[in-house]
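The values are calculated or read from the model by the stated rules, or taken from the named source; none is laboratory data. Bear in mind the structure is a predicted one, so any value in this text is a computation, not a measurement. Because the Cβ atoms are built from the backbone with ideal geometry, glycine has one as well, and the counts that use them run over all protein chains shown. These accessible areas exclude ligands, DNA and RNA; they are computed on the full protein's heavy atoms, side chains included. Shrake-Rupley method; radii C 1.70, N 1.55, O 1.52, S 1.80 Å.
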Amino acid sequence: MLRFAFYGRVSTEDQQDPAASRAWQLTRAAALTQVHGPVVAEYFDIGQSRAIPWKRRPRAAALLAALARPGRDFDAVVIGEPQRAFYGNQYGLTFPLFVHYGVQLWVPEVGGPIDPESEAHDLVMSVFGGMSKAERSRIKLRVRTAMATQARLEGRYLGGRPPYGYRLADAGPHPNPAKAAQGIRAHRLETDPATAPVVQRIFTDYLTGYGIYALAQRLTAEDIPCPSAADPQRNHHRSGTAWSKSSVRTILTNPRYTGHQAWNRQRKLETLIDVNDVGLGHTTTLRWNPKDQWIYSEHPAHPALISRELFDAVQDRLASRGPPPPAVRSAPATPTPSRAGSSMPSASGACRATGSTGEPTTAAASPPSTPSPTAWTTP
């Protein structure tokens, strides 16, 4: 009798409950091995994308390490579905280790152990790797297309941190029936009475002649909470002691303050970790998309904190990097309550604006200076 170790994987991109996914993968694997021996060990990765190589998945890496141990407690490895385990060329990079250590790899689609001398088996596994890669590409395309449509036509809040000046409010059951059945709720943006006046003040003060650095210093000196300090639960990794120039600029360039939803301002870019070792896979970073790729809702989606005209005027000044025209230089600033008796810490990059894009933010990404209002569809 053989002793088997089971390997499986599930991630958020698979849109499945981890417990349910593990159960059906293990059931499928056990059906293949039950007459040959029991499953005595499990290695199951949760939240790991199929595109991540085995050596970078925690449980898969542990399984590879176990292969090298002479006293391991299993004789063979079984997987429930090859598309879950192998992506692209991962099989060709991983299976030689099984052969080297004399550990059989059992796959339901092969009907038993993979024969390292069989061209047919090698072809089958290569095909499944290609299918896995194509499936991930299809999932990404479907999700992005659906989100773009929801943002443009419905103005739906699609997740991420709410922009400074807003807070999340309940919007009823999730529109997806499956998620609604799980008790998941939809959300929308509503005005935050504590921080919305700060946003309005930043826009009006900028047009009266204050520069970005001067605004950051002034807000810090008046002890007005910066985005990180105003939302510490989502920014526990930041000190939130002062306003930074980047947080002020992020607010000034965020078109969502006009009441319209904005999506696709950033994209995930996959780059090789090591060009000399492609087997390590890729790392994901965020990059700003060109302004003509940003997607705006056709109609207002949440309360506006500023007018479209004020936003456009601010973008014009940001683009020109010069003083505002006389007509707007005299515009009154919106007063904001401040707390007296505060110290004046440096307005260095201690605080970052949150939720400015509706997508995860990154310190390495610097937003384009001027969003393109002409890309909007006039309601």
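Yes or no: the stretch 166-174 includes at least one residue that is within 21 Å of N264 (Cβ to Cβ) and in contact with a Leu (Cβ under 6 Å, 6 or more places away or on another chain).
Within the stretch 166-174, one or more residues are within 21 Å of N264 (Cβ to Cβ) and in contact with a Leu (Cβ under 6 Å, 6 or more places away or on another chain).
Yes/no per residue for (1) of a type in the set (S, T, Y); (2) within 27 Å of P300 (Cβ to Cβ); (3) touching a residue at least 60 places away in the same chain (Cβ under 8 Å); (4) open to solvent by less than 60 Å² (accessible area, probe 1.4 Å):
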site: P113; (1), (2), (3), (4): no, no, no, yes
site: E119; (1), (2), (3), (4): no, no, no, no
site: M125; (1), (2), (3), (4): no, no, no, yes
site: I184; (1), (2), (3), (4): no, yes, no, no
site: T195; (1), (2), (3), (4): yes, yes, no, yes
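So which residues in the stretch 40-83 are outside any helix (DSSP H, G or I), under 30 Å from the mean Cα position of the chain (by Cα) and within 19 Å of T27 (Cα to Cα)?
Scanning the stretch 40-83 gives E42, Y43, F44, D45, I46, I79, G80, E81.
Kindly provide the set of residues from the stretch 19-73 that are open to solvent by 70 Å² or more (accessible area, probe 1.4 Å), free of Cβ contacts under 8 Å to residues at least 40 places away in the same chain and among the charged types (D, E, K, R), ordered by number.
If the condition is that a residue be open to solvent by 70 Å² or more (accessible area, probe 1.4 Å), free of Cβ contacts under 8 Å to residues at least 40 places away in the same chain and among the charged types (D, E, K, R), then R22, E42, R69 are the ones that fit.
Checking R167 against (1) in a strand (DSSP E or B); (2) under 22 Å from Q83 (Cα atoms), only one condition comes out false. Which one?
(2)
Determine, yes or no, whether S126 is at pLDDT below 90 and under 24 Å from G80 (Cβ atoms).
Criteria met by S126.
Give me the residue from the stretch 210-242 that is open to solvent by 80 Å² or more (accessible area, probe 1.4 Å) and at pLDDT below 85 and, out of that set, nearest to T258 (Cα to Cα).
It comes out as R234.
Looking only at the stretch 144-164, count how many residues are surrounded by 14 or more Cβ atoms within 10 Å (Cβ to Cβ) and either in contact (Cβ under 8 Å) with a residue 60 or more places away in the chain or part of a loop (DSSP other than H, G, I, E, B) (or both).
Looking only at the stretch 144-164, we keep the residues that are surrounded by 14 or more Cβ atoms within 10 Å (Cβ to Cβ), and these are 147-148, 150-152, 154-158, 160-164.
Applying the additional criterion that residues be either in contact (Cβ under 8 Å) with a residue 60 or more places away in the chain or part of a loop (DSSP other than H, G, I, E, B) (or both) yields 147-148, 151-152, 154-158, 160-164.
Within the stretch 144-164, residues that are surrounded by 14 or more Cβ atoms within 10 Å (Cβ to Cβ) and either in contact (Cβ under 8 Å) with a residue 60 or more places away in the chain or part of a loop (DSSP other than H, G, I, E, B) (or both) number 14.
Six or more apart or on different chains, Cβ under 6 Å: which pairs go from a residue in the stretch 218-236 that's more than 17 Å from Y166 (Cβ to Cβ) to one that's open to solvent by less than 80 Å² (accessible area, probe 1.4 Å) and at pLDDT 85 or above? Could you list them?
From residues that are more than 17 Å from Y166 (Cβ to Cβ), the pairs are L219/W243; T220/A242; T220/W243.
Of (1) among the basic types (K, R); (2) open to solvent by 50 Å² or more (accessible area, probe 1.4 Å); (3) at pLDDT 90 or above; (4) touching a Phe, Trp or Tyr at 6+ places or on another chain (Cβ under 9 Å), R256 satisfies all except one. Which?
Answer for R256: the failing condition is (2).
Quick check on the stretch 84-103. Is at least one of its residues out of contact with any His (no Cβ under 6 Å at 6 or more places or on another chain) and assigned to a strand (DSSP E or B)?
No, because not a single residue in the stretch 84-103 is out of contact with any His (no Cβ under 6 Å at 6 or more places or on another chain) and assigned to a strand (DSSP E or B).
Quick one: would you say L207 is at pLDDT below 95 and touching a helix residue (DSSP H, G or I) at 6+ places or on another chain (Cβ under 7 Å)?
Taking the combined requirement at face value, the residue satisfies it.
I'd like the full set of residues that are surrounded by 13 or more Cβ atoms within 10 Å (Cβ to Cβ) and either closer than 13 Å to A85 by Cα or within 23 Å of the chain's Cα centre (by Cα) (or both), limited to the stretch 1-14.
Answer for the stretch 1-14, where residues must be surrounded by 13 or more Cβ atoms within 10 Å (Cβ to Cβ) and either closer than 13 Å to A85 by Cα or within 23 Å of the chain's Cα centre (by Cα) (or both): F6, Y7, G8, R9, V10, S11, E13, D14.
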